[in-house]
Amino acid sequence: MTKCPVCQKQINLEAADSLTGTTPGGAKEVDPTAGTRQFHDGTWYYFDSIECRNRFTQRPDSYLE
Ligand SMILES: [Zn+2]
């Protein structure tokens, strides 16, 4: 388990990976209702929603220590 850096909600990593993982043919569409993730500064960050990911994308520094 990990936390959404934006709203601190708990996220199931296995579920997030199964929904947002890549395949040999390319990246899958993420499921906006089940969580998503983003690669930032060498680390994968997980989010519970597209809204949180968008907020993080706009101002990542404000959500990181
Ligand atoms: Zn969130």
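Brief remarks follow.
- Long-range neighbours under 8 Å by Cβ, at least six apart or interchain, first residue in contact (Cβ under 8 Å) with a residue 40 or more places away in the chain and in a loop (DSSP other than H, G, I, E, B) within the range 51-65, second of a type outside the set (A, V, I, L, M) and crowded, with 17+ Cβ neighbours inside 10 Å: TYR63/PRO5; TYR63/ARG55; TYR63/PHE56; LEU64/PRO5
- Selection of the range 36-50 for residues being outside any strand (DSSP E or B) and touching a residue at least 12 places away in the same chain (Cβ under 8 Å) yields ASP41, ASP48, SER49, ILE50.
- Complete set of residues in the range 47-65 that are more than 9 Å from the ligand (Cβ to nearest atom) and aromatic (Phe, Trp, Tyr): TYR63
Taken together, the values in this text are just the output of simple stated rules run on the coordinates, not laboratory data. Note that the structure is a prediction, hence the values are computed from the model and not measured. A quick note on method: Cβ atoms are made from the backbone with ideal geometry, for glycine too, and the neighbour counts reach across all protein chains shown.
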